[in-house]
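The structure under discussion appears below in the form of structure tokens.
Since every read-out is calculated from the coordinates, none of them should be taken as a lab result. Computed from a predicted model, the values in this text were never measured in an experiment. Cβ coordinates were reconstructed from backbone atoms using ideal geometry, including for glycine residues, and neighbour counts include every protein chain displayed.
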Amino acid sequence: MGWYEGRSLVAYIDPVGIPTICEGFTHGVKMGDVATPAQCDALTRQEVARALAVVDASAPGLPDGPRVALASFVYNVGPGAYNGSTLLRKLRAGDVIGACKELPRWVYAGGRKLAGLVKRRNAEMQICLSGLR
């Protein structure tokens, strides 16, 4: 996750105006918050575990590629956006390839297309499709 999020030990405002720290952690973060590298590591492990749990609950038994890619996606957009997505509807209908191909649609934040999200979603899609074709 850090590859896309970067790491900041000091809280900052993300592109949609949410206080954020570490590798994209937002829950309860306030401007002025500071974290240690060890705290960031713990938060990242916690959030990755939560994202994997969301993916596993919504689509049990996924191959590793889609599971990892979708956990990265959930980590970034949150479970609410994922749970209401066309991507998840396709996944639940058994169209894993179609679900993976939905990822590049998720490149906007605050109404703006972000180059970092374009790169992230393309990488997630490639990981998602790995081993499926």
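Rounded to the nearest 0.05, the FRET efficiency derived from the C-beta distance between residue 33 and residue 77 at R0 = 25 Å is 0.70.
Full extension of the chain between residue 9 and residue 97 yields a length gain of 28.0 nm, computed as 0.36 nm times the residue separation minus the alpha carbon distance. Calculated mean residue ellipticity at 222 nm for the chain: -16000 deg cm²/dmol, from DSSP H runs with n ≥ 4 weighted as -39500 (n - 2.57), summed, divided by the residue count and rounded to 500.
Restricting attention to the chain, lysine pairs at least eight places apart or on different chains and with alpha-carbon atoms under 23 angstrom apart total 4. Applying 1/(1 + (r/R0)^6) with r as the Cβ-Cβ distance of residue 126 and residue 105 and R0 = 25 angstrom yields a FRET efficiency of 0.95.
Comparing 106, 77, 18 along the charge dipole axis of the stretch 2-129, the residue lying farthest to the positive side is 106, per the Cβ-charge model. In a GNM of the chain with a 10 Å cut-off on Cα contacts, which of 24, 116, 65 has the highest mean-square fluctuation? Looking only at 24, 116, 65, the biggest GNM fluctuation is shown by 116. Along the stretch 101-107 the Karplus relation, 6.51 cos²θ - 1.76 cosθ + 1.60 evaluated at θ = phi - 60°, assigns HN-Hα couplings of 6, 6, 3, x, 6, 9, 10 Hz to successive residues, with x for each Gly and Pro.
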